[in-house]
Amino acid sequence: MEKYNPNNLEKKWQKIWEENDLFKAEYSYEKKKFYILEMFPYTSAQIHMGHVRNYTIGDVVARYKVMNGYNILHPIGYDAFGLPAENAAIKQNIHPKDWTYKNIETIREQLKRLGISYCWEREVITCDPEYYRWNQFFFIQFFKRNLVYKKMAPANWCPFCQTVLANEQVIDGKCWRCGENVETKNLEQWFVKITDYAERLLDFSGIRNWPERVITMQKNWIGKSEGCEIYFYIPDIEGNLNVFTTRADTLFGVTYLVLSPYHPFVEKIKRISSRKNEIEKFIERMTKSSLSVKDILKIEKEGINTEIFAIHPITQERIPVWIGNYVLMEYGTGAVMAVPAHDQRDFEFAKKYDLPIKIVIKNPEWKEIPEKLEKAYEGPGIMINSDIFDGLDNEKGEEEIRKYLEKINKGKKAIYYKLKDWCISRQRYWGTPIPIVYCQKCGVVTEKEENLPIELPYEVKITGRGESPLKYVEKFIKCKCPVCGNDAERETDTMDTFVDSSWYFLRYASKDIKDKPFDKNEVNYWMPVDQYIGGIEHAILHLLYSRFFIKVLKDMGLIDFEEPFENLLCQGMVIKDGVKMSKSKGNVVDPEDIIKKYGADTLRLFILFAAPPEVDLEWSEKGIEGCWRFLNRVWRLHYEVKNYESIETKNDENLEFIINKTIKGVTEDIEKEFQFNTAIAKMMEFINFFSKIINEKSVSKKVLLDSWKKFIKILYPFVPHISEELWKDLGENKFLFYEKWPSYEKFEKIDKKISIGVQINGKLKGAVEISQTFEVNEILNLISENEKFKKFIIGKKILKTIYVKNRVINIVIED
């Protein structure tokens, strides 16, 4: 018997698979398709254990589906643009392109070494001009449809990374990547009007199976609010300040208004306020803080009184106007009517600055109206101190006040979303150039489509300064206007890398396309993705932007479907010593080290066996060693099967029953939310039984060999290299990839009854006949209904049960 040598064996089969184009995908409307996709890796130095888990899960599904008759598309690519490449260029003195492609080579080899069944000819690299030319094409189409515009807007700015950050990239006021304090900076930036699709993005009816928490996270991010827009007239600037509120019922409790520091009215107020200098200093200080909602909720509330007043739309009272740091320009109108008695943020602000607090909603539990509140009352109640609306239930009052405001032209019904337009401008080099040209005669125009791609120049000096390095490359900036032909200049901002990942799955679904982003017929065949796999950290932005892109492309007539991903699995992290693996914590386990020592199949088996896919997996050296021992045991048993000689055949039916039961269990575990850990456990149980049968020599060679072949087939998706080797060693010439998944129709026919002993507190009380398929709870139910045993356990507390499978059950009860 040869010794199990995974390194030689695995490399051999990887080469054979590649030489035979085993995983090549071809579309055919005559075949039922299955598009399995894992989120593609960012091109950092190499893959980590989280990647291994992600891609191994997808590979099991791909191989399983092929064996079940599906036409599979299982592609891979690289999310290759982005800031880390520029940071590496500065730190390591290497060009971002060279750094990226060097890393791609490393990652590609690592993925091949894991034996992942990718269709390599469909590989996508997002920094390739042949890919990002279509980012530019889509930008132009969006521009034509008025879905793209440029405006001056405050942005989170990291002074170290020298770039704009999205709100979710700001953590506790600091940059998510470098940890520096984030500032606010006004910049002219390009935006995509995702808000035009807010309502459609709230419709998840076209999605089959996503985790409920992901759908909830997206709904909360979009944040639909129905309420009322109320007009407060400001005499000093002779205009209305519009305020959005979902609590019009509290209008009579307004004691001040608060503007975001970035509200357009602030400039007007500064010009006429007696506190102009103080206001300017306050706003300058506010720009040193983050714009993220999370951070604004945490910071101490600060404000400044402008000494300007607005007029209450009903009572005509003079209401002071403040500027405050707790009001977001990105939500509603960027101004709030402050009702400190019924909003906790307003309450805290009012207490700090000694502003009036007026109760207008009576808590039903109050016997008397309190003179002072300890905190804001935000619940339902009866309206008081509200003129003609006194005595109304506040929900009814909200509607009545809105109607009254509409009647007197002081307000209207309104819907607002927390979702804001997508800022795609990035002031950096390593990204898709935005295809905009600035011409003194024609203004802002898009580049001609036939001139795409606008390629990034290789000769560029990356300094890390705030402006894009492209601003200093004359060959890039200087161009001809595509409309009039005069001298013009290019846009130097590049696109957010989320643009790259918002449609890459469509590019995979089109083979050898040069003259368009994808082939409509082939994309309509493969899409939507049947199973998407990735981390929960992408639950909001990547998935939301991808859904938005697909809806726009459908409206353009380029595709026929509404959603990109039917089913979504968010796998858990791989952790060690209770925390996420990271270099800073010194607890990283390198996949390459494990593969060199144990082989890829052992690593795959452990990753799949240690925990269900959706929960975090704790790294365990003992677990790895256990999986290594299991595969060695399988290897040894194989040679025992080849050399087996039967003495008797009494266990033929038992072995047929066990292998069918195992096939059924493994099939159901894969089909039912990919419970690979329990599927592997069932295969390990089978090996225990199979080993015993071989030692007893109590089964015929034919049944033994047939059962072993079936076992190798169901083992294959999990550990393909060793399975392929054993299969070939049995004289089979067809690749397991093309073999049919074994059925388990015989299972029900051979479910024979067996008799097991029943013990109570270790004393034998008799026997009971059970099905071989029964679990412990089913056996207990049968015993509790049996008159012979009922008297021993009725009314007694069962402390535990000990079940020796198919032999005896001991029920331990309280004396």
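The values are calculated or read from the model by the stated rules, or taken from the named source; none is laboratory data. Fair warning: this is a prediction, and the values are worked out from it, not measured in the lab. Backbone-built Cβ (ideal geometry, glycine too); neighbour counts: all protein chains shown. The area values use the complete protein model at the heavy-atom level, side chains included, leaving out ligands, DNA and RNA. Shrake-Rupley method; radii C 1.70, N 1.55, O 1.52, S 1.80 Å.
Tabulated results
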{"read-out": "Qualifying residues in segment 673-687 (those that are under 30 Å from the mean Cα position of the chain (by Cα) and open to solvent by 10 Å² or more (accessible area, probe 1.4 Å)) - the one farthest from C627 (Cα to Cα)", "value": "E673"}
{"read-out": "Qualifying residue in segment 623-638 (condition: assigned to a helix (DSSP H, G or I), modelled with pLDDT under 95, under 20 Å from Y4 (Cα atoms) and open to solvent by 40 Å² or more (accessible area, probe 1.4 Å))", "value": "no"}
{"read-out": "Sole exception among (1) exposed (fewer than 15 other Cβ atoms within 10 Å of the Cβ); (2) in contact with a Lys or Arg (Cβ under 8 Å, 6 or more places away or on another chain) for K396, by number", "value": "(2)"}
{"read-out": "Scan of segment 583-606 for residues that are among the hydroxyl-bearing types (S, T, Y) and open to solvent by 30 Å² or more (accessible area, probe 1.4 Å), ordered by number", "value": "S584"}
{"read-out": "Residue match in segment 373-380 (condition: over 17 Å from C228 (Cβ atoms) and over 40 Å from the mean Cα position of the chain (by Cα))", "value": "yes"}
{"read-out": "Test: residue in segment 690-709 that is closer than 23 Å to P612 by Cβ, assigned to a loop (DSSP other than H, G, I, E, B) and open to solvent by 10 Å² or more (accessible area, probe 1.4 Å)", "value": "no"}
{"read-out": "From the options E614, E668, residue that is closer than 22 Å to Q772 by Cα, open to solvent by 50 Å² or more (accessible area, probe 1.4 Å) and among the acidic types (D, E)", "value": "E668"}
{"read-out": "Single residue of L730, L726, L705 found to be touching a Lys or Arg at 6+ places or on another chain (Cβ under 8 Å), closer than 22 Å to N632 by Cβ and modelled with pLDDT of 95 or more", "value": "L730"}
{"read-out": "Inter-residue pairs, beta-carbon under 7 Å, first under 15 Å from L726 (Cα atoms) and of a type in the set (A, V, I, L, M) and in segment 1-20, second open to solvent by less than 90 Å² (accessible area, probe 1.4 Å) and in a helix (DSSP H, G or I), 6+ apart", "value": "M1/Y639; L9/H721; L9/I722; L9/E725"}
{"read-out": "Cβ-Cβ under 8 Å pairs, at least 6 apart or on other chains, segment 788-800 side in contact (Cβ under 8 Å) with a residue 24 or more places away in the chain and more than 13 Å from V758 (Cβ to Cβ), far side open to solvent by 100 Å² or more (accessible area, probe 1.4 Å) and outside any strand (DSSP E or B)", "value": "none"}
{"read-out": "Residue among T287, T306, T333 that is open to solvent by 20 Å² or more (accessible area, probe 1.4 Å), farther than 30 Å from G379 by Cα and not assigned by TED's automatic domain parsing to the domain that holds V182", "value": "T287"}
{"read-out": "Those strands (runs of 3 or more DSSP E) lying entirely in segment 403-519 with at least 2 residues open to solvent by 30 Å² or more (accessible area, probe 1.4 Å), farther than 30 Å from R547 by Cβ and of a type outside the set (D, E)", "value": "478-480"}
{"read-out": "Failed condition for E562, given (1) within 24 Å of the chain's Cα centre (by Cα); (2) open to solvent by less than 10 Å² (accessible area, probe 1.4 Å)", "value": "(2)"}
{"read-out": "Residue in segment 359-379 that is in a strand (DSSP E or B), among the polar types (S, T, N, Q) and assigned by TED's automatic domain parsing to the domain that holds D249 present", "value": "no"}
{"read-out": "Residue within segment 114-121 that is assigned by TED's automatic domain parsing to the domain that holds F34, at pLDDT below 95, open to solvent by 10 Å² or more (accessible area, probe 1.4 Å) and among the hydrophobic types (A, V, I, L, M, F, W, C) present", "value": "no"}
{"read-out": "Options E18, E10, E86: the member that is in contact with a His (Cβ under 7 Å, 6 or more places away or on another chain), in a helix (DSSP H, G or I) and not assigned by TED's automatic domain parsing to the domain that holds K710", "value": "E10"}
{"read-out": "Extreme residue, farthest from L114 (Cα to Cα), among residues of segment 689-732 that are polar (S, T, N, Q) and free of Cβ contacts under 8 Å to residues at least 40 places away in the same chain", "value": "N695"}
{"read-out": "So D590, is it out of contact with any helix residue (DSSP H, G or I) (no Cβ under 8 Å at 6 or more places or on another chain) and closer than 28 Å to P6 by Cβ", "value": "yes"}
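Okay, residues lined up against (1) open to solvent by 10 Å² or more (accessible area, probe 1.4 Å); (2) under 22 Å from F630 (Cβ atoms); (3) part of a helix (DSSP H, G or I):
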{"position": "H721", "(1), (2), (3)": "no, yes, yes"}
{"position": "S743", "(1), (2), (3)": "yes, no, no"}
{"position": "V758", "(1), (2), (3)": "no, no, no"}
{"position": "G766", "(1), (2), (3)": "yes, no, no"}
